[in-house]
1. Taking the 0 to 90 degree range and rounding to the nearest ten, how far is the long axis of helix 476-524 tilted relative to the main principal axis of the chain, both from C-alpha atoms?
2. State, to one decimal in nm², a quarter of the convex hull surface area for the C-alpha atoms of region 332-379, i.e. the direction-averaged projected area.
3. So what is the relative contact order for the chain, in percent, with contacts set as C-alpha pairs under 8 Å and at least six apart?
4. What's the Cα-based Rg to Rh of region 260-323, Rh via Kirkwood?
5. What FRET efficiency do you get for PHE499 and LEU473 if R0 is 41 Å and r is their Cβ-Cβ distance, rounded to the nearest 0.05?
6. Dimensions of the chain along principal axes (Cα, Å, largest first)?
7. Counting only trypsin sites (Lys or Arg not before Pro) that sit in a DSSP loop (anything but H, G, I, E, B) with at most 12 other Cβ atoms within 10 Å, what is the longest stretch of the chain containing none of them?
8. Give me the one-decimal nm value for the distance between modelled label points at LYS80 and VAL381, 7 Å along each residue's Cα-to-Cβ direction.
Amino acid sequence: MATYTILENEFSADSDKMSTEGVSKWYSGRSVFITGGTGYMGKVLIEKLLRDCGDIKFIYVLCRSKRGFSPAARIEQIRKLAVFDRLRIECPEKLKKIKAMEGDLGQPGLGLSDENKSILFNEVSIVFNGAASLRLESGLKDAIRHNTTGTKHVLDLAVEMKNLASFVHLSTAFCHCEFDTLDETIYPSPANPEDVMRAVEWMDDHTLEIITPRLLGPHPNCYTYSKRLAESLVSQYANRIPISVARPSIVTPSFKEPVPGWVDSLNGPVGVIVAAGKGVIRSVLCSPDYEAEVVPVDIAINALILIAWKRTTINVDEMDDPVPCYNISKGDIVHLTWGEVLAKGKRYAYEYPFDAGLWYPNGSMRTNKLMHYFVVFWLQVVPAYLIDGIMVLARQKTFMVRVQKRIAVGMEVLQYFTMRGWNFKIENTKALINGLNEEDMKKFFIQNTEVDIEKYMIQVLLGARQYCMKEPLANLDRARFHLKLLYWLNLATQLLFGFFLLWVFVRAFDSFKFLLDSSTSSFTNVPIIGSLHA
């Protein structure tokens, strides 16, 4: 079994070499093991490692069979994605270095074969543990199994790796929800992760459902709770392997690489942008004055790559914390509120509209829950049932009610993060570029680059349009024409509704006047009142 002391001595000479050769050279000749490599951030990480991190030997990606595709077939599909277009042009032979490693995060030893374990133990020197269940609405059992127990299985394997130089655990900046200000340090755990992992295995679902609110405490969902327990688990291995924790905030489409605006996931803000741009979402519960704590995916990936490198340059005896932590967010580098995001997003959504929208995209942010739910009911739920009713009459498959239910679940989870202000300290992250040579400074940009928010917002919209919705830029003119039609339809509907309300008011006023006249006439027919009136 490899120990931390051995690793420290083994790589101390490496540290001196790194300071002169730089990050790219340090990665040359090394093999990397990635969990979560088939996810959004994982694909960008693989692409960046192959393109800009020297002559990496191999990248082993933990992968399981899915939808009838074997791990090898899934990796082959990934190689064909747009994220690797640049690699295919510049150095296609590097794509052959991606190797599928069949396994399952939920099984002890990751369910790996003896042959694959031998490869990990003898060849791999860098681990990026990014696998996680990102479904914020998941139950406690699923969240713990994927995010906490899965992390333990990876850590147990890492301890056996003879040449391990750096282990980077991917957490989240929102895993300590009770703190409005998050420092770059490991916080005490609300529970023993080992106890919770054992509990979810023997408890039945009904019992777990009952105790979940008590366990979660301040946490809004099981995802952030399970990621917090995983951090505590990671800290227990600090004296056995060289480990670091990376905490990205809300990850958004790429800023520069591999292409501006690249995204293939509708999670988080991108899903809201698409749904709002197509007129499906009419109201969002969000405070416009709070800072939007987001980070472009390529900047987050640059930070991960530097974190792995940086860990081997740190003198263990001088470390303040046994586990270096890095909050990866915009922090104080760029000031951008949710209100500014909406205003800019709306403006550019009209210039670069999505194709085939259901209604004119003029939704708004609200902080009043009562008003928000009122708007959602009348402008989202009711139209959804009307559209599905029409689909039933036309003998077509219904979809809108199902879409609105999914949106409702997602928005209910998301609103916790958009109705609170956060202050993420990012001093460790900003310091990652200290000591980099000029070439690496350009390759692994974090805060040392100019950010044009206006331009980036356009890139986000076009990226969501092209890569998520598969809508080519060639049909932008058609989409703009369709948007004009929706504008006039929306205006006509508002006018008709206004006239209807006016008609209802007039009829109600006439009825009220008639009732008032009738009651007055009846009242004067009373003998005593009538004589007084006379």
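1. 40 degrees
2. Quarter of the Cα hull surface area: 4.8 nm².
3. Computed over the chain, the figure is 16 percent.
4. Rg divided by Rh gives 1.19.
5. Given R0 = 41 Å and the Cβ-Cβ separation, E is 0.55.
6. 114, 54, 47
7. Answer - 81-394.
8. 4.3 nm
The values are calculated or read from the model by the stated rules, or taken from the named source; none is laboratory data. Keep in mind that this is a model prediction, so the values were computed, not measured. Here Cβ is always computed from backbone atoms with ideal geometry, including for glycine, and neighbour counts include all displayed protein chains. Keep in mind that these areas ignore ligands, DNA and RNA; they rest on the heavy atoms of the full protein, side chains included. Shrake-Rupley method; radii C 1.70, N 1.55, O 1.52, S 1.80 Å.
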